[in-house]
Amino acid sequence: MTTMALSPLLTRPGAVAASGIDEGVAAHYGELNKEQQKLLAGTAVADLSHFGVVTLSGEDRLSWLNTLSSQSLTGLREGQSTQTLLLTVQGRIEFDIRVLADADKLWLVVEPGQAEPLAAFLTRMRFMLRVEITDVSAEYAVVGACAAQPALAKYPVWVDPWPGVTTGGYAYSGPEHPGNERPWYLYLVPAGELETAVAGLPLAGMLAVEALRIAAWRPRFGFETDEKAIPHELDLIRTAVHLDKGCYKGQETVARVHNVGRPPRRLVFLQLDGSMHTLPAVGSPVMVGEKVVGSLTSVATHFEAGPVGLALIKRNIDTELELEVVDGEERYAAKQEVIVTPEAGQIAGRFTGFIRPPR
């Protein structure tokens with residue numbers, strides 16, 4: 001992993017640096033539960049300056065990206081946000097991109113370490129079209145929030161469509177979704193203005209961001225995705241895929257699994273045994289008895305719910321079964337909540353109990 005530049009906000013009192021993919025920003029600022037509460041209430045913001053930012057400019061930027069994208073982008077107007085995926089021919093997720101339309105460009109926000117490979121991929125696909133691709137990660141810092149921030153109103157802002165169902169999308173989970181309690185905004189702030197822009201705002205670290213994300217059932221690229229992940233497994237059809245869109249790489253798999261098949265795995269929310277006083281490591285096997293049925297993809301301690309996680313498990317595991325997460329000698333009892341129904345895929349055309357926006 002490339003060493004990330006350290007955020008200037010790590011000089012804030014109490015800041016403890018994060019590690020791994022979130023290296024370069026704070027894990028927390030000394031008040032873990034309060035940071036979650038303030039972030040969720042909209043009074044604190046999160047430093048996500050380690051995220052990548054790529055811009056697309058030029059007359060063909062929107063129509064060109066639309067040809068590559070799982071999402072329909074042709075109607076995207078200035079100030080509008082969406083999510084899209086770039087897939088392999090087999091329908092597996094290569095890039096998960098937050099897209100924001102500006103007057104003269106598209107902003108593409110991606111996970112740490114993804115901006116350079118995304119820019120390189122797009123450059124290879126540009127051919128002779130009028131598109132300019134620029135990795136501006138060093139020039140822009142991303143700031144996250146659970147509410148619109150008047151102090152940051154002058155900056156471009158991406159608004160997460162999750163957990164809504166965008167036009168052409170489809171939900172593999174029911175209408176009562178915990179993600180409704182966690183709106184999510186990403187502000188794009190010039191790096192040189194970051195300290196000034198958030199000077200009057202409390203900060204929340206990545207532990208708070210992750211706890212709220214997990215509780216909102218929001219999959220994160222690099223955590224809930226692996227080399228085999230397809231959108232259906234993660235309920236990403238709801239926000240990142242347009243099922244009626246024209247041809248793009250991976251479309252055949254998306255359509256086939258949705259209409260006549262079922263994804264091999266499904267994302268579940270786990271309520272973990274809180275008596276252990278520790279958390280299992282990401283990647284720990286999820287088991288039924290002595291049989292491995294999946295793996296833990298994300299884990300955190302939520303200020304209200306306690307230890308929680310997300311996991312990818314085999315599709316056909318009984319939704320009523322209690323699971324165990326095994327980390328070395330430790331075994332954590334885990335109650336599953338269905339995010340992606342085991343019937344996902346073969347529900348196409350039968351909308352009872354599921355959400356699809358009106359045409």
- Query: Under 6 Å by Cβ, and 6 or more places apart or on different chains, what pairs join a residue from segment 53-77 that is touching a residue at least 60 places away in the same chain (Cβ under 8 Å) and under 24 Å from A138 (Cα atoms) with one that is of a type outside the set (A, V, I, L, M, F, W, C) and assigned to a strand (DSSP E or B)?
  - Reply: V53/Y140; V54/D135; T55/K105; T55/T134; S57/K105; S57/E132; G58/E132
- Residue set A41, A103, A141, A120; condition buried (at least 23 other Cβ atoms within 10 Å of the Cβ) and at pLDDT 95 or above; output residue A141
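Hey, does segment 309-319 have a residue that's over 21 Å from S173 (Cβ atoms) and either of a type outside the set (G, A, S) or assigned to a strand (DSSP E or B) (or both)?
Keep residues of segment 309-319 that are over 21 Å from S173 (Cβ atoms), which gives none.
There is no residue in segment 309-319 that is over 21 Å from S173 (Cβ atoms) and either of a type outside the set (G, A, S) or assigned to a strand (DSSP E or B) (or both).
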- Note on the structure: The helices (runs of 4 or more DSSP H) lying wholly within segment 182-261 that contain at least 2 residues that are surrounded by fewer than 18 Cβ atoms within 10 Å (Cβ to Cβ) and in contact (Cβ under 8 Å) with a residue 40 or more places away in the chain are 251-260
- Message: Just the residues that are out of contact with any His (no Cβ under 6 Å at 6 or more places or on another chain) and within 23 Å of L32 (Cβ to Cβ), please, taken from segment 306-332.
- Response: G306, P307, G309, L310, A311, V325, D327, E330, Y332
- Query: Any residue at all in segment 67-82 that is closer than 16 Å to L118 by Cβ and basic (K, R)?
  - Reply: no
- Task: Would you mind stating whether W107 is within 19 Å of L129 (Cα to Cα), outside any strand (DSSP E or B), touching a residue at least 60 places away in the same chain (Cβ under 8 Å) and out of contact with any Gly (no Cβ under 8 Å at 6 or more places or on another chain)?
- Result: no
- Residue check: is V299 at pLDDT 95 or above, in a loop (DSSP other than H, G, I, E, B) and of a type in the set (A, V, I, L, M, F, W, C)? no
- Query: Of G289, G274, G283, G294, which residue is over 19 Å from T166 (Cβ atoms), of a type in the set (G, A, S), buried (at least 18 other Cβ atoms within 10 Å of the Cβ) and not assigned by TED's automatic domain parsing to the domain that holds T88?
  - Reply: G294
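Which ranges mark the strands (runs of 3 or more DSSP E) fully within segment 1-98 that have 2 or more residues being not assigned by TED's automatic domain parsing to the domain that holds L118? Explain how you work it out, then say what you get.
Working: elements: 26-28, 45-47, 52-57, 81-87.
Where strands (runs of 3 or more DSSP E) fall fully within segment 1-98, none carries at least 2 residues being not assigned by TED's automatic domain parsing to the domain that holds L118.
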- Being out of contact with any Gly (no Cβ under 7 Å at 6 or more places or on another chain) and of a type in the set (A, V, I, L, M) is the filter; apply it to segment 262-271 and report the residue that is surrounded by the fewest Cβ atoms within 10 Å (Cβ to Cβ). V268
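The values are calculated or read from the model by the stated rules, or taken from the named source; none is laboratory data. The shown structure was predicted, so the numbers you read here are calculated from the model rather than taken from an experiment. Because the Cβ atoms are built from the backbone with ideal geometry, glycine has one as well, and the counts that use them run over all protein chains shown.
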